[in-house]
Amino acid sequence: MLDVAKAWRLLNATFNVETTEITYFQHISRWLKFLADRPNHAVWSYIEQDGCSLQEEFLAWQNLLTEYRNDILDFFPRVEQLKTRNNKLMGVRKLLEYLAYTKTIPHGLVLNGWKDAQRLGQSTTFLSNDFYRFINRSKQDLQKLVDSFDDNDISLDEDALSLIKDTLEHTEEDFDFNPISLVISSLQDRKLQLKEQAADDYVSYIEATNQANEWTNDFKISTRADEFHKVMLSSDNAHTKMRLYDEVLGGCAISVLVNYLIRYNEGRLLLNEDPRYGLFWNPERMNRYDYNRDLIRSYLGCSNYAMVCAFAFIMLETNANTTSIQGLKEDDLIDHDTNYFILNWTKRRQRGNEAKYRKLPMRVDELTPQTLTVRDVFLHQMECRKKFLNAVIQRDRRFLFLQWHKNHVKISVNERIYAPTKPTLELFNRNFKILCKKASDGTWVTTPKAIRGSTLLLTGLVTRDATAVMIEGQHTSLEMGKRYTYHYPEVWLQDKEIRLFLNWYQALFTVDIESFAEKIGIDSILYNENKELALEQRQTEARNAINQQFGGIHCIDPTAGAQPGTKVGSVCNKVDRCPTCKQRRGIFVSSTNNLANVIQWHDVLVQLKQTLSDNDFYKWRVWHVFTTLIVDTFSKDPTHARLMRGAQEKAELTQNSYLSLIPVAEVNI
């Protein structure tokens, strides 16, 4: 104990604050109690003993530290207690350093902490970590949790909890319940909600700025704007001014105010140093004539919220990183021809930047939220910049997204100015939450980076095709492939289907990497044999799969009796379960026939969704997500344009055999 006291005095001298001393004292006290409870432990035989084996002494102490680590783990076993476990070792680890310094214990002893398992983190997808952990259990266990749900123990959004309850209600047997289906449905629903809201609000924004231009050319409104200017500058008494304001603003305040700013302030908002600022934004007048800053901003084309709608819409259409879309430049959009345009962006890398692009189809129909394209959004943002572009500092002038006036922009060591500039990710995140709340009626919020994570996860779960994930994420390196592979929630790795997908996903990334075996130190001969086997197996699988498909999903063996209620040797008729069946092959055959099958089946599902009740359509929901994703992917990819045209023609000319799947008694298609 004298040696421990000496070590504590040395350690205590390093503390800068009292709280650290108290914390470490608690850690060390626990450690000493642990030692006191083990009077017969082997380490005591080495205390103050000379001539003993250093190796044996080291082993005894290391075993004791391992025991203590296990004791901490037993006392704090839950996943969310990982930080607590690591903290409990800090003071002990520090004391061990000083005990080694005083030669009381051997040097080199290790007291390892715990690392958090890599998984999909909070806001990496549209769903919380609690959602993934919550659903990965049997129907019976999940039902018990739902019945006794406690908001203090687990955080679930209202729509997610509602979906879980709905799923439990519509699955009679335990084997019918599939958590993967829940994830697919949830991700797809939230992605659609977000895209529809962003498109609706941005088209409204375009219409508002167009309306402002019409007001500018309206003689009566312009005349009232002139009168408003005179009233603002007049020296009449307050009572007279109120009457004059009523005359010019009554019944059309917003149009007059917008017209005024366009005509008398170059279409910009007034700066707070402008003498007219207090008159224009007078709270009593704003309340009396029902206008506010956000409304005026939207008509002038400088709405931060609308800019974030544009930002989110481009991300949803391109699946680029947040920083890449934030950094779009004015010349990043190029019209390729009359049918397609190209959006370029830069992806940041640790060792330099990487150029990326998407080739997307032009809009051919009238502008609506459903027909809105990235090109429409990009060009409108370019138009909105014009009014204040000259006021933007030089380094930010080429960016597509510019925030309307930011306080104290630093332009040199000692000089700051008040000017428009490139918006921060913090601004995007803040306004993105507003968009999420509007899209979900306030049931959930997330961050922009969840768009990309959700799309990659949804693509992987629906297609089970690693190449599709690679193309969607535009990955080129093994490192990025591994990162996405191992960031799936740890709990999902317990699911055989997910493990098979992840293993294949990783394998497909490794087979094309030069000298991969040598780089990681494995047997290159064995690796090459496995690589050839993997390629051969994939080719064989593709050949054998052609005639064993339904709706674009190919079955390993439709007579295997894999689904409950089917028999070995008889063809499976549980086609509603194909998207999550363990017999589903991990490939999508890019042929005219296969794609035509998907198109026909998608047409039937679309009609079913419109006709059936939610309860009756429930079992076809995952199928609907699958066909929607496949059709959307092939429609947008110019490299598949010829294939898609051929498939569409074949689908139209061939009798749709999927119509016979749903009995006429259920729905008349």
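Quick one: which residues, 5+ away or cross-chain, put their amide H under 5 Å from the amide H of Lys329? H built at 1.01 Å from N.
Leu400
Taking the Cβ-Cβ separation of Lys386 and Met362 as r and a Förster radius of 25 Å, what is the calculated FRET efficiency to the nearest 0.05?
For R0 = 25 Å, the calculated efficiency reads 0.60.
Which entries of Lys195/Lys356; Lys359/Lys582; Lys359/Lys438; Lys83/Lys449 have Cα-Cα distances beyond 28 Å here? Mind showing how you got there, number by number?
Details: Lys195/Lys356 22 Å; Lys359/Lys582 35 Å; Lys359/Lys438 30 Å; Lys83/Lys449 25 Å.
Going by Cα-Cα distance, Lys359/Lys582; Lys359/Lys438 fall outside the 28 Å limit.
So if the hydrodynamic radius of segment 552-669 is defined as the Kirkwood radius over C-alpha pairs, what does Stokes-Einstein give as its diffusion coefficient at 25 °C and 0.890 mPa s, in µm² per second?
160
Taking Cα centroids, how far is segment 421-445 from segment 321-338 in Å?
Here the answer is 21 Å between Cα centres.
Which trypsin sites (Lys or Arg not before Pro) does segment 308-411 hold that lie in a coil by DSSP with at most 11 other beta carbons within 10 Å? Mind dumping the intermediate values first?
Working: sites: Lys329, Lys347, Arg348, Arg349, Arg351, Lys356, Arg358, Lys359, Arg363, Arg375, Arg385, Lys386, Lys387, Arg395, Arg397, Arg398, Lys406, Lys410; in loops: Arg348, Arg349, Arg351, Arg363, Arg397, Arg398.
Qualifying residues, ordered by number: Arg348, Arg349, Arg351.
Using per-residue counts of other Cβ atoms within 10 Å, averaged over each peptide, order 265-278, 630-643, 307-320 from highest down.
Peptide ranking by packing, descending: 307-320, 630-643, 265-278.
Between Thr639 and Gln55, how many nm apart are label points set 7 Å from Cα along the C-beta direction?
For Thr639 paired with Gln55, the spin-label model returns 5.8 nm.
Between Ile342 and Asp236, what's the calculated FRET efficiency when r is the beta-carbon distance and R0 is 51 Å? Round to 0.05.
After rounding, the FRET efficiency stands at 0.30.
Sorted by mean Cβ packing within 10 Å, highest first, what order do the peptides 226-236, 246-256 take?
By packing density, highest mean first, the sequence is 246-256, 226-236.
Taking segment 29-112, which trypsin sites (Lys or Arg not before Pro) meet the DSSP loop condition and have no more than 15 other C-beta atoms within 10 Å?
Within segment 29-112, the qualifying trypsin sites (Lys or Arg not before Pro) (loop, at most 15 other Cβ atoms within 10 Å) are Arg78, Lys103.
In what sequence do Leu65, Leu187 fall when counting other Cβ within 10 Å, fewest first?
Leu65, Leu187
Sort Ile451, Ile325, Ile262, Ile393 by Cβ crowding within 10 Å, fewest neighbours at the top.
Lowest count first: Ile393, Ile262, Ile325, Ile451.
A 31 angstrom limit on the alpha carbon distance is what I want to check against. Which of Lys437/Lys650; Lys115/Lys619; Lys115/Lys422; Lys437/Lys609; Lys347/Lys609 exceed it? All intermediate terms of the calculation are to be shown ahead of the outcome.
Details: Lys437/Lys650 42 Å; Lys115/Lys619 40 Å; Lys115/Lys422 37 Å; Lys437/Lys609 26 Å; Lys347/Lys609 39 Å.
Violating the 31 Å limit, Cα to Cα: Lys437/Lys650; Lys115/Lys619; Lys115/Lys422; Lys347/Lys609.
Testing the spin-label approximation: label points 7 Å from Cα along Cα→Cβ at Asn282 and Lys574. State their distance in nm.
So the two model labels end up 7.3 nm from each other.
What is the order of Trp31, Trp623, Trp404, fewest Cβ neighbours within 10 Å to most?
Fewest to most other Cβ atoms nearby, the residues stand as Trp404, Trp31, Trp623.
Could you give me the ³J(HN,Hα) list for segment 611-620, computed from phi with Karplus coefficients 6.51, -1.76, 1.60 and θ = phi - 60°, whole Hz, x at Gly and Pro?
So the Karplus estimates, Gly and Pro as x, are 9, 7, 6, 4, 5, 6, 7, 3, 5, 9 Hz.
Given 0.36 nm per residue, what is the gain on full extension from Ser613 to Gln211 after removing their alpha carbon distance, in nm?
Numbers: separation 402, 0.36 × 402 = 144.72 nm, distance 4.01 nm.
Gain on extension, Ser613 to Gln211, equals 140.7 nm.
Taking amide hydrogens as modeled 1.01 Å from N in the peptide plane, which residues meet the under 5 Å criterion relative to Tyr340, leaving out close sequence neighbours?
Residues meeting the amide H criterion: Met362.
Skipping prolines and chain starts, which residues have an amide H placed within reach, meaning under 5 Å, of the one on Asp637, given they are 5 or more residues away or on another chain?
none
Any read-out appearing in this document is the output of simple, stated calculations on the displayed coordinates, not a laboratory observation. Since we're looking at a predicted model, the values are computed, not measured. Positions of Cβ are generated from backbone atoms using ideal geometry, with glycine treated the same way; all protein chains shown enter the neighbour counts.
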